[in-house]
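Chemist: My questions all concern the structure below.
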Amino acid sequence: MSDQAKSTFFSGLQQNLDQLRDQGLYKPERVLASRQGSEVVAQDGSTLINMCANNYLGLSGEEWVAKASIEATEKYGYGLSSVRFICGTQTVHKQLEQAISKFLGTEDTILYAAAFDANGGVFEPLFDENDAIISDALNHASIIDGIRLCKAARFRYAHNDMADLEAQLQAAADKRHKVIVTDGVFSMDGTIAQLDKICDLADKYGALVMIDECHASGFMGATGRGTHEHHNVMGRIDIITGTLGKALGGAMGGFTSARKEVIDMLRQKSRPYLFSNTLAPSIAGASLAVLERLSQSTELRDRLHENTAYFRKEIERIGFTIKPGTHPVVPVMLFDAPVAQKFAARMYELGVLLSGFFYPVVPMGQARVRVQLSAAHTRAQLDAVLKAFEQAGTELGLLKK
Ligand SMILES: Cc1ncc(COP(=O)(O)O)c(C=O)c1O
């Protein structure tokens, strides 16, 4: 590359970055100087109540989870320096795959380095140009990317719209196999997919159902199995993908869980599994300990739902508008992008860590701060957060009378 070409390349990147900053779309990283938790210490030394982690069950910074990961490291070592099928599979990986299958009510499970990889590697080995993938318009980016890597015909239905899903199933009628794909829970709004209706439509049109349970595994449903338990359709979902990086411990790692033929084929053909290093034993061991704990007691899941119900009720009482629902993702609607930014900055000054979302991440005019509850939040912390909401809301004139 000539010097001239190089300098055009780098200055072009700089211009694009400047443009992102001008549009308010540049994402700076917040640096923490502490463990993840309901309270964190920022690099500038301020202590903040954290309301924006996917730490639903509060396990990310927990001592017993860290201990389980250290024990697994001591027993199995730091890493494998191998993909799974060469010499990268240990008993702890097989135990974790069995434990996930038992927890979700499936036959078998395959581990990945991330749910992004699970979604990226699930479609291409299972479906080809004779088949149809029918996907919710607001599905996660990793599902969209996974579908792009597959030759199947693509059909998109309007978000959470069962009439449109049925129309797309009819449009795909001549395809050999059809699979409906949806996030179990959509993380921007906390919307829970209508899996009962989706399964009925799947039965009517002979389609498979796949769900992404990243914002559900561990706490949705009566015993935390996920959205399929919440909607009483356990056993009717064909493929489940999920993460170990949110409620189930919070480190990283993902999985696909399904019938054994599906998992067997993924082990043979799924590219992020075949061509990427095995999950670190520390994560596998700690995830196993987490699943054992969650199978014994619903205490954390129950506390999370109590915190969610309390916060949802109180934030509305103060005079904020939220998206209705029951999920621990609570979008507090501020509608206007600069207001959402100003509000999040003021909350930071008041000791609360929150993230603001605005167009194009959410539709125009739907700017918000997204609160995420955790089982680790104490009532005192939630009351302090609500007080800060009231103060910032009053200062900015945002409260409904
Ligand atoms: C719905 C959904 N799917 C997949 C992922 C990717 O998960 P991971 O962090 O394990 O790659 C995320 C994480 O943001 C998610 O929210």
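Chemist: Pull up the cross-link candidates among the lysines for residue 102, meaning alpha carbon to alpha carbon under 27 Å and not fewer than 8 places away within one chain.
Modeler: Hits, sequence-local ones excluded: 67, 75, 94, 178, 197, 246, 260, 269.
Chemist: Could you size up the charge dipole of the chain around its Cα centre, putting +1 on the beta carbon of Lys and Arg and -1 on that of Asp and Glu, and report it in debye to the nearest 20?
Modeler: Computed about the Cα centre, the dipole is about 180 debye.
Chemist: Per the 1.4 Å probe, what fraction of the accessible area of the chain, in percent, lies on carbon and sulfur atoms?
Modeler: Answer for the chain is 52 percent, counting heavy atoms of protein chains only.
Chemist: Compare 267, 259, 368 by solvent-accessible area with a 1.4 Å probe and give them largest first, with all protein chains kept in place.
Modeler: I get 259, 267, 368, largest accessible area first.
Chemist: Quick check for me: using +1 on Lys/Arg Cβ and -1 on Asp/Glu Cβ, what's the dipole size of the range 58-121 about its Cα centre, in debye to the nearest 20?
Modeler: 140
Chemist: Just want to confirm a number: the relative contact order over the range 171-287, from Cα pairs under 8 angstrom separated by 6+ residues, in percent.
Modeler: Relative contact order comes out at 18 percent.
Chemist: So for the pair residue 259, residue 223, with labels modelled 7 Å out along Cα→Cβ, what separation do we get in nm?
Modeler: Distance between the two pseudo-spin positions: 2.4 nm.
Chemist: Could you calculate the FRET efficiency of residue 200 with residue 82 from 1/(1 + (r/R0)^6), where r is the beta carbon distance between them and R0 is 35 Å, rounded to 0.05?
Modeler: 0.20
Chemist: With r as the distance between the Cβ atoms of residue 149 and residue 70 and R0 = 30 Å, compute the FRET efficiency 1/(1 + (r/R0)^6) and round to 0.05.
Modeler: Computed FRET efficiency for residue 70 and residue 149 comes out at 0.25.
Chemist: Here's another thing I want to ask about it. Residues of the range 191-214 with the amide nitrogen closer than 20 Å to a label point 7 Å from the Cα of residue 166, along Cα-to-Cβ, please.
Modeler: Those under the cut-off are 193-210.
Chemist: Roughly what % antiparallel, to the nearest 5, for the DSSP beta bridges in the chain?
Modeler: 60
Chemist: Additional query: Defining a contact as two alpha carbons under 8 Å apart and six or more residues distant in sequence, what relative contact order in percent does the chain show?
Modeler: 21
Chemist: Then there is this: Taking the convex hull of the alpha carbon atoms in the range 107-220, what volume per residue do you get, in Å³?
Modeler: Per-residue hull volume (Cα only) is 108 Å³.
Chemist: Right, something else. Hey, how many Å between the Cα centroid of the range 207-222 and the Cα centroid of the range 8-55?
Modeler: Using only Cα atoms, the two centres lie 29 Å from each other.
Chemist: While we're here: Over the range 334-395, what is the mean sequence separation of C-alpha contacts under 8 Å (at least six apart), divided by residue count, expressed as relative contact order in percent?
Modeler: It comes to 35 percent, rounded to a whole number.
Chemist: Where in the range 381-401 is the amide nitrogen less than 11 Å from a point lying 7 Å along the Cα-to-Cβ axis of residue 318?
Modeler: 382-395, 399
Chemist: Now a separate question. How many angstrom lie between the Cα centre of the range 268-315 and the Cα centre of the range 179-204?
Modeler: The two parts, judged by their Cα centres, are 20 Å apart.
Chemist: Place +1 on the Cβ of every Lys and Arg and -1 on the Cβ of every Asp and Glu in the range 1-127, take the dipole about the Cα centre, and give the residue among 127, 65, 53 whose Cα lies farthest towards its positive end.
Modeler: Towards the positive end, the residue furthest out is 65.
Chemist: To the nearest Å, what is the center-to-center distance of the range 328-372 and the range 125-147, using C-alpha atoms only?
Modeler: Going from one Cα centre to the other spans 30 Å.
Chemist: Additional query: Across the range 214-220, in residue order, what do the Karplus-derived ³J(HN,Hα) couplings come to in whole Hz, using 6.51 cos²θ - 1.76 cosθ + 1.60 with θ = phi - 60° and x for Gly and Pro?
Modeler: Ordered by residue, 3J(HN,Hα) equals 4, 9, 9, 4, x, 8, 8 Hz.
Chemist: Then there's this: Just the number please: accessible area per residue for the chain, 1.4 Å probe, all protein chains included, in Å².
Modeler: About 47 Å² of surface per residue is accessible.
Chemist: Please report, in debye to the nearest 20, how large the charge dipole of the range 1-108 is about its Cα centre when each Lys and Arg carries +1 at its beta carbon and each Asp and Glu carries -1 there.
Modeler: Magnitude of the dipole: close to 160 debye.
Chemist: Moving on to the next point. If a/c stays under 1.5 just call it rounded; otherwise compare a/b with b/c (prolate if a/b is bigger, oblate if not). Do that for the chain, with a ≥ b ≥ c from the square roots of the Cα gyration tensor eigenvalues.
Modeler: Verdict is rounded for the chain.
The values are calculated or read from the model by the stated rules, or taken from the named source; none is laboratory data. Bear in mind that the values here come from a model prediction, so they are computed numbers and not experimental data. Glycine gets a Cβ as well: all are built from the backbone with ideal geometry, and neighbour counts include every protein chain shown. With ligands, DNA and RNA removed, areas are computed over all heavy atoms of the protein, side chains included. Shrake-Rupley method; radii C 1.70, N 1.55, O 1.52, S 1.80 Å.
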